[in-house]
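Structure first, commentary second.
Each reported figure results from applying straightforward, stated rules to the coordinates on display, with no laboratory input. Computed from a predicted model, the values in this text were never measured in an experiment. Methodologically, a virtual Cβ is constructed for each residue, glycine included, from the backbone with ideal geometry; neighbour enumeration extends over all protein chains shown.
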Amino acid sequence: MLGYKIYFNGDKFVADNTATEVQTMPCDSTVSWMANKTYADNVVEKYNANDLKDVKKCKECGKYFWQTNDERIWFTDRNMKAPCRCYSCRKKKH
Ligand SMILES: [Zn+2]
């Protein structure tokens, strides 16, 4: 066991202690890993309290994603709507 996998289950963020691999995730991924249970619990609580509304489902692949802060500022500055596809799918299009 490598630690706690934190992910969005379609409804809210949860932490599983079943993380068997650690991957490099795209910058907009809603999945992350924590080694420590207390820290994982804190992160889950924080995400569910503040960031839940920012989670979106990708129109293309169905994965959950959210905007990074940099992206959010970029889109707001240009008066553009938030993307409806995840980073990987948007990258594929270009
Ligand atoms: Zn996608």
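Can you tell me the convex hull volume per residue for segment 3-93, based on C-alpha atoms, in Å³ to the nearest whole number? Each step should come with its number before you reach the end.
Numbers: hull volume 9.7 nm³, N = 91.
Spelled out: Cα convex hull of segment 3-93, divided by residues, is 106 Å³.
What is the gain in length, in nm to one decimal, between Thr20 and Leu2 on full extension, counting 0.36 nm per residue of separation less the C-alpha to C-alpha distance? If you can, show how the numbers build up before the last one.
Values: separation 18, 0.36 × 18 = 6.48 nm, distance 0.58 nm.
Going from the current span to full extension adds 5.9 nm.
Measure up Lys5/Lys92; Lys12/Lys53; Lys5/Lys63; Lys37/Lys63 against 19 Å on the Cα-Cα distance and list the ones that go over. Walk me through the intermediate numbers first.
Values: Lys5/Lys92 26 Å; Lys12/Lys53 10 Å; Lys5/Lys63 16 Å; Lys37/Lys63 25 Å.
The answer is Lys5/Lys92; Lys37/Lys63.
Using the charge dipole of the chain (Lys, Arg: +1 at Cβ; Asp, Glu: -1 at Cβ; taken about the Cα centre), state which of Thr24, Val14, Gly62 has its Cα farthest towards the positive end.
The one lying farthest along the dipole's positive direction is Gly62.
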